[in-house]
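Asks: Quick one: the structure is below, questions incoming.
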Amino acid sequence: MTTTQVVSEAMLAHLPDPVQRYMRWTDVVGKPWIHTAYVRQEGRFRQGFDKPWMPLKAEQVFTVDPPGLLWNARFWMFGLPLMRACDTYKNGQGHMFGKAAGLFTLFDDRSEKLTTGAQMRYLSEMIWFPIAYLGDNVTWISVDDMSADVSLSDHGRVVGGRMRFDGESRPQSFDTTRYMEVKGEYILTPWFTSNLEYGERDGLNIPVTCHVSWKLSEGELTYGEFNIVEVVYNRPGDVV
């Protein structure tokens, strides 16, 4: 897509009916094509049922063609910003890096399973720059009047999940399986995102309060709660 390309109603014609209604709800028709998205977040995160919630602030940049993300977050413990994390997905490669107190490396992973999870994360977070759902690398398959399966292809790898919509055509949830790190090993585990509140950011309607959860034998573990404070599309200088 060129810089001046805008989204037309004809671009929605091939989509399943619930996805067409969703895209119209976002108000993308007539809007410029998105090449990058800057997302500023606030929220909290925990590492398990018995772990404390840690407040966080994060900034994230997405690129659409090619798909990429850069997430920088700082976590507060005991009232101090003692941990930071950086997740990236670039050129088909994922990387997760974290440090405590700016001194000790907590994790540094570039494995294939981590990369698959990073690509899955990118797909699930396209709700914040929904024009990307119209890309040639995205495939939609109809399920019923309230849901559709979506997949993203990049660097020979395909990830996908099921999006469900509510009665107002808003994205309600995204369900899939994703690799969960358990004692140094990755285990394929049911994973889902839930959207609780919606709002307008930089001209488009998107979810602005989102939770991420694992479905475990002990129950559902919601480990991340995020509020989308600010979104800027096609901000000059944004790269991953």
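The values are calculated or read from the model by the stated rules, or taken from the named source; none is laboratory data. What you see is a predicted model; the values in this text were computed from it and never measured. Because the Cβ atoms are built from the backbone with ideal geometry, glycine has one as well, and the counts that use them run over all protein chains shown. To get the accessible areas, we keep the full protein, side chains included, count just its heavy atoms, and leave off ligands, DNA and RNA. Shrake-Rupley method; radii C 1.70, N 1.55, O 1.52, S 1.80 Å.
Asks: Send over the Kirkwood Rh of region 7-54, from the inverse of the averaged 1/r over different Cα pairs, rounded to one decimal Å.
Replies: Details: mean 1/r = 0.0709 Å⁻¹.
By the Kirkwood definition, the hydrodynamic radius is 14.1 Å.
Asks: Shifting gears a bit: Residue by residue, what Karplus-based ³J(HN,Hα) values in Hz, rounded to whole numbers, does region 77-93 have, using 6.51, -1.76 and 1.60 with θ = phi - 60° and x for Gly and Pro?
Replies: Once rounded to whole Hz, the list reads 10, 6, x, 10, x, 9, 9, 10, 9, 9, 10, 9, 9, 8, 6, x, 10.
Asks: Taking the Cα atoms only, what angle lies between the long axis of helix 17-26 and the longest principal axis of the chain, rounded to 10 degrees?
Replies: 80
Asks: OK, next. Along the three principal axes, how long is region 1-86 when you take its alpha carbons, biggest first, rounded to the nearest angstrom?
Replies: Ordered largest first, region 1-86 gives principal extents of 53, 28, 18 Å.
Asks: While we're here: What is the chain's relative contact order, in percent, from Cα pairs under 8 angstrom and six or more apart in sequence?
Replies: Relative contact order for the chain comes out at 20 percent.
Asks: Can you work out D for region 97-173 in µm² s⁻¹ from Stokes-Einstein, where Rh is the Kirkwood radius over C-alpha pairs, the temperature is 10 °C and the viscosity is 1.306 mPa s? Walk me through the intermediate numbers first.
Replies: Details: Rh = 14.4 Å.
Estimated diffusion coefficient is 110 µm²/s.
Asks: Show me, bin by bin at 10 Å from 0, the whole-percent P(r) of region 69-211 based on Cα pairs.
Replies: Values per bin, smallest distances first: 10, 35, 36, 16, 3, 0.
Asks: Still on this model: Enumerate the residues in region 55-88 having an amide nitrogen under 14 Å from the point lying 7 Å beyond the Cα of Val232 toward its Cβ.
Replies: Those under the cut-off are 59-62.
Asks: Can you pull the semi-axes for region 154-240, root of five times each eigenvalue of the Cα gyration tensor, sorted largest first, whole Å? Show your work: numbers first, answer last.
Replies: Working: eigenvalues 137, 70, 38 Å².
Value: 26, 19, 14 Å, ordered largest first.
Asks: Give me the distance between the Cα centres of region 135-205 and region 22-85, rounded to whole Å.
Replies: 15
Asks: Excluding residues fewer than 8 places away in the same chain, name every one of the lysines whose C-alpha is closer than 20 Å to that of Lys113.
Replies: Here the lysines satisfying the reach criterion relative to Lys113 are Lys90, Lys183, Lys215.
Asks: Would you list the P(r) distribution for region 67-132, with all Cα-Cα distances sorted into 10 Å bins from 0 and each bin expressed as a whole %?
Replies: Calculated over all Cα pairs of region 67-132, the distribution is 21, 43, 28, 8 percent.
Asks: Moving on. In degrees between 0 and 90, to the nearest 10, how far off the longest principal axis of the chain does helix 112-124 point, with axes built from Cα atoms?
Replies: So the inclination is approximately 50 degrees.
Asks: Continuing with this model, one more query. Based on the Cα gyration tensor of the chain, what are the three equivalent ellipsoid semi-axes, each the root of five times an eigenvalue, rounded to whole Å and given largest first? Don't jump to the answer; show the numbers that get you there.
Replies: Values: eigenvalues 164, 79, 63 Å².
For the chain, the ellipsoid semi-axes come out as 29, 20, 18 Å.
Asks: In region 87-232, what percent of the accessible surface is made up of carbon and sulfur (1.4 Å probe, ligands and nucleic acids excluded)?
Replies: On the way: 3260 of 6670 Å².
C and S atoms contribute 49 percent here.
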